[in-house]
1. Return the total of residues in the range A:28-48 being within 13 Å of ligand 1 (Cβ to nearest atom), in contact (Cβ under 8 Å) with a residue 12 or more places away in the chain and out of contact with any Lys or Arg (no Cβ under 9 Å at 6 or more places or on another chain).
2. Look at A:A214 and say whether it is surrounded by 17 or more Cβ atoms within 10 Å (Cβ to Cβ), under 19 Å from A:L286 (Cα atoms) and hydrophobic (A, V, I, L, M, F, W, C).
3. Considering the range B:59-86 alone, what residues qualify as being open to solvent by 20 Å² or more (accessible area, probe 1.4 Å), aliphatic (A, V, I, L, M) and part of a strand (DSSP E or B)?
4. Quick one: A:R56 ticks every box in (1) away from ligand 1 (no atom under 13 Å from the Cβ); (2) among the basic types (K, R); (3) within 14 Å of another protein chain (Cβ to nearest Cβ) bar one, so which box is it?
5. (1) within 14 Å of chain B (Cβ to nearest Cβ); (2) within 16 Å of ligand 2 (Cβ to nearest atom): which one isn't true of A:T360, the others all being true?
6. Tell me the residue from A:L367, A:L346, A:L338, A:L354 that is open to solvent by 70 Å² or more (accessible area, probe 1.4 Å) and either within 16 Å of ligand 1 (Cβ to nearest atom) or modelled with pLDDT of 95 or more (or both), please.
7. Go through the residues of the range A:218-232 one by one and say whether even a single one is away from ligand 2 (no atom under 16 Å from the Cβ) and open to solvent by 20 Å² or more (accessible area, probe 1.4 Å).
8. On the basis of being modelled with pLDDT of 95 or more and away from chain B (no Cβ under 14 Å), does A:A115 make the cut?
Amino acid sequence: MTWILPEGASLDLEGISSPLQVLRGLGGGSQGQVFEVEVAGERLALKWYLPACIARDPHLKRRLGESIRATAPSEAFLWPLALVTPGPDALPLLRLTEPGFGYLMELRPAGFVGAHEHVGGHLAIGLLQVLRAGFFLAEAFHALHLKGLCYKDISLGNLFLEPSSGRILICDNDNVDVDGRDLGSVLGTPGFMAPEILMGRARPGANSDLFSLAVLIFRLLTRHDPLRGRRELAIRCLDEPARRRLYGEAPLFIFDPIDASNRPDPIEHAAALITWPIYPEPIKLLFEQTFCAGLQAPQRRALTGQWMAALAAALDQRQLCGSCGQETFPAPSDPAPLCWSCGCPLAPPTRLRLPHGQVTAAAGNELHPHHFDRLLNLRLDQPLARVEAHPSAGDLLGLRNLSDQAWRAELRSGQQLVLKPGQACNLASLVRLITPAGAVELPC
Amino acid sequence: MPFPNVRLANRPLHFIYICDCSGSMEAQGKIQALNQAIRQSLPGMAEVARQNPEARVLVRAVGFADRAAWHLEQPTEVQQLQWLDLQAGGITAMGEALELVAAALQSPPMEERALPPVLVLISDGQPTDDFDAGLAALMRQPWAQKAVRLAIAMGHDADTEVLQQFIGNDPGGGLPAGEIPGASGQRPLHRSGRSPRRPLQASNATSLAQYIQWASTAVVGAASMPASRMAGSGPQANIPLPDLPPTLMDPTDDVGPLVW
Ligand SMILES: Nc1ncnc2c1ncn2[C@@H]1O[C@H](COP(=O)(O)OP(=O)(O)OP(=O)(O)O)[C@@H](O)[C@H]1O
Ligand SMILES: [Zn+2]
């Protein structure tokens, strides 16, 4: 690749107070190139735009400036930190006729991979992490929309995942705009765009973000596309006009409860048929809401808060199948749940009773502050306790205190003990845990 | 427990190089430059293929000189591809090459469902056989009509007329010179008059490498997975083509001073 900024050069740029050293090129796309740089001892990423991109999007610079002033909605965004333009000494070093501008952001930490790696089946990841990723994505959009902003062009290409934790990062935040103002040129990416945008009936904003968010969550959860069923099989050459029909002119959800004419094909669309039964009813209802009524009526689409609640609730009821070990998500109200993977009946699990909700005792499940206080925001990133398997006796489950305060444990023997931060205690012997946030009760 | 072992169904994307191997390609290291450019472009192409879970990118190549023949006949996944050098010598049987490609795009052997194929014709001269018959045979195939057809002219002796016929009419045709629509049929962007719907003029090894890289990454990306759309796009072509690589000013051109 020929780099626009010479690797190794020190550039004097307006917008930052110290000179910037270009360490190496990281990559380039249709919009510009991204470099690893060092400014005042700190490693950052610098995106530099190509003239064609700036010409197409006359308000780009203004939007970036406003985003920088507004600051990042949450840590999930690789948000622009500073806008930079070349100073007189830097001009001759740029390999462009029109020098343009760029912006600084944080470097994407190692361990995050493109979400397409998951959808393409190249990634070892668990259902727990995938559901968490869906939650974090909804949470990020929640924070963005609460700031009055919209993203406009979310797709697999700007989402990154950490497979071990399910944490996410959203890149390419340069289309972010004040919702409803429409100071931008981007429409979105076909396949993720809401039908009214693809068909030119509306301009992108928070409502169309909700459609794209649902598509992304669907693709994370199923590795399939919500609108590609039998109708896709009738298409020989999948080109622009065909995508327009599939996603804009005549979209139909593959699991539409009333119209079954676009169901997945058992061979071509096996991923959808295998994964859909995994998920609890409330999640499926949000997809139906968004991809049936919400296809044509943007105000009917599932909201970010609804996604967060449904995904967090699914994680609370996660249970490992006693026969095959797979992660399952049976509803507590289901009298005779079966494992989606091996078909065996699932034994009634132990459920930890909390002031607000229940959490199934399964290795990896966590207790969060919102389980103790319903007024707190749903969050998954500050767990108070985690269920863990005993390191040598795998079927023994313990609960580890992840908080920084000591808890009082009441045991079946009538004994009491103190569970210090970082310690775990055997769940089987436990009746009750008293924490400053509230009590955790086990069934007798 | 791992996520179930399933993945998004994908469609084949056939990418076919149609390469001039006539004697004139021997001059000034042109054939070497072409082999190098293709070989160098493969890692980037593999990376794009990986980022597009909807596509299975399969590469083939035809060479033409006295006769046309498959240089790489088996559709090969780009990740597995090892480029063997093309050799130059002979005349320019371009028409026959197009007939070979036409046969390959017939169904069968073409799959029933696929992404639009990408055909890249590279030449430095004039066809010496019946180009019109070859092109007509090609364009009778529905998959060829749907294909993204690109052409690269190596040096200034290439017959840009026939290359333009291969590409088809520039849908932005009829515009005054210098007002060529840019990517995705948008407003004019390339004051130089460059357009992906015209033969791309490679006048040295560096620009050849850039065009080959562009065709094998940006165009493959556009044909396999849609990219961001901008407002103001005019009537959409079958596949909106990405911007051409920018003309970068490079005082320290490290690829060599060859000019064709
Ligand atoms: N903050 C970052 N840290 C590390 N790498 C980054 C960062 N931002 C972008 N990159 C990498 O730089 C390359 C170019 O990224 P970018 O998203 O800007 O391309 P683009 O021009 O937007 O491409 P596209 O055509 O997909 O829109 C990619 O490989 C991307 O992963
Ligand atoms: Zn099972």
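1. Qualifying residue count, the range A:28-48: 7.
2. Spelling it out, A:A214 is indeed surrounded by 17 or more Cβ atoms within 10 Å (Cβ to Cβ), under 19 Å from A:L286 (Cα atoms) and hydrophobic (A, V, I, L, M, F, W, C).
3. B:A69, B:L72, listed by residue number.
4. Of (1) away from ligand 1 (no atom under 13 Å from the Cβ); (2) among the basic types (K, R); (3) within 14 Å of another protein chain (Cβ to nearest Cβ), only one is false for A:R56: (1).
5. Among (1) within 14 Å of chain B (Cβ to nearest Cβ); (2) within 16 Å of ligand 2 (Cβ to nearest atom), the lone unmet condition for A:T360 is (1).
6. A:L338
7. Looking through the range A:218-232, at least one residue is away from ligand 2 (no atom under 16 Å from the Cβ) and open to solvent by 20 Å² or more (accessible area, probe 1.4 Å).
8. So A:A115 does not fit the description; no.
The values are calculated or read from the model by the stated rules, or taken from the named source; none is laboratory data. None of these values were measured; they are calculated from a predicted model. In this analysis, Cβ positions are derived from the backbone assuming ideal geometry, glycine residues included, and neighbour counts consider all displayed protein chains. Accessible surface is based on the protein model in full, side chains and every heavy atom, while ligands, DNA and RNA are left aside. Shrake-Rupley method; radii C 1.70, N 1.55, O 1.52, S 1.80 Å.
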